Each structure stands twice: as C-alpha cells, then as structure tokens.
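The values are calculated or read from the model by the stated rules, or taken from the named source; none is laboratory data. Bear in mind the structure is a predicted one, so any value in this text is a computation, not a measurement. Note that each Cβ is placed from the backbone with ideal geometry, even for glycine, and that neighbours are counted across all protein chains shown. Areas reflect the complete protein model, heavy atoms only, side chains present, ligands, DNA and RNA absent. Shrake-Rupley method; radii C 1.70, N 1.55, O 1.52, S 1.80 Å.
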Amino acid sequence: MDKYKIAETETFSRKINTKKYSHLYKKIFEDVYPVLRNNPFFGANIKKLKGEYKETYRFRIGDYRLFYKVDEKEFIIFAVNIENRKDTYK
C-alpha cells in the first residue's frame, strides 16, 4: 500500500494539459507518482530545494523538472509545477 497520496494543483493541471508538457503526463503518472507515493524525500532524481523554496522538492524527468511539496501530517504530495530545465534555472 502506498504511504502518500498525490494531489495536483490547479497550476500544475493547467500546465500539464498544454501541448508543451502533455506528452509527459503518462510518464509522470506511471513512473514518477509510484516512486513519490513510496518515498517522496529520497531517490536518484529527487532533490530538496534551498532558500525561499526550501519546502519544495524537484523530481528530474530528463530535461524537465516536476516540483512538489509534501504534507507530512496528511501524507499528501502536491504536484505544484512542471518546467523545462532551461526555463527553470535562469
């Protein structure tokens, strides 16, 4: 049984349904979400951000980054945004 549930924010849902990102949803749903449901804190593609974004994690998906936050009390992962790497680290 999965420890965490996934919730997609409105921002993430709007963006993932655009032409630029829609091709990633199947990979996220089938490959990324199962990893996050088990342990959203540690993994080869997981990194906790620093500074003003210290409550946010990122999951690397090739050239893309899925950003999420974790509610440890309610065991919910909030997918908050997705960006192309080149647009993220400007």
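Can you pull out every residue in the range 78-90 that is of a type in the set (Asp, Glu) and not in a strand (DSSP E or B)?
Of all residues in the range 78-90, those of a type in the set (Asp, Glu) come to 83, 87.
Selection gives Asp87 alone.
Looking at the range 1-30 only, could you name the residues that are without any contact (Cβ under 8 Å) to a residue 12 or more places away in the chain, assigned to a helix (DSSP H, G or I) and more than 13 Å from Asn84 (Cα to Cα)?
If the condition is that a residue be without any contact (Cβ under 8 Å) to a residue 12 or more places away in the chain, assigned to a helix (DSSP H, G or I) and more than 13 Å from Asn84 (Cα to Cα), then Glu10, Ser13, Arg14, Tyr25, Lys26, Phe29, Glu30 are the ones that fit.
Among the residues that make up the range 58-69, is at least one of them over 18 Å from Tyr4 (Cβ atoms) and over 12 Å from the mean Cα position of the chain (by Cα)?
There is at least one residue in the range 58-69 that is over 18 Å from Tyr4 (Cβ atoms) and over 12 Å from the mean Cα position of the chain (by Cα).
Does Thr56 meet the test of being surrounded by fewer than 16 Cβ atoms within 10 Å (Cβ to Cβ) and not basic (Lys, Arg)? Before you say what the answer is, go through the steps one by one.
Working: surrounded by fewer than 16 Cβ atoms within 10 Å (Cβ to Cβ): no; not basic (Lys, Arg): yes.
Here the answer is no, as Thr56 does not meet what is asked.
What pairs can you find where one residue is in the range 67-79 and more than 12 Å from Phe41 (Cα to Cα) and open to solvent by less than 90 Å² (accessible area, probe 1.4 Å), the other is at pLDDT 95 or above and among the small types (Gly, Ala, Ser), and their Cβ atoms are less than 9 Å apart, with a gap of 6+ or different chains?
Phe67/Ala79; Ile76/Ala7; Phe78/Ala7; Ala79/Ala7; Ala79/Ser13
Looking at the range 80-90, which of its residues are open to solvent by 70 Å² or more (accessible area, probe 1.4 Å) and free of Cβ contacts under 8 Å to residues at least 12 places away in the same chain?
Here is the first cut: in the range 80-90, the ones open to solvent by 70 Å² or more (accessible area, probe 1.4 Å) are 85-86, 89-90.
Residues satisfying the conditions are Tyr89, Lys90.
Of everything in the range 33-77, what is in a strand (DSSP E or B) and farther than 17 Å from Tyr21 by Cβ? Give them in sequence order. So that I can check it myself, show each step before the final result.
As a first pass, look at the range 33-77 and keep what is in a strand (DSSP E or B): 46-48, 56-61, 64-71, 76-77.
Result: Ile46, Lys47, Lys48, Thr56, Tyr57, Lys69, Val70, Asp71, Ile76, Ile77.
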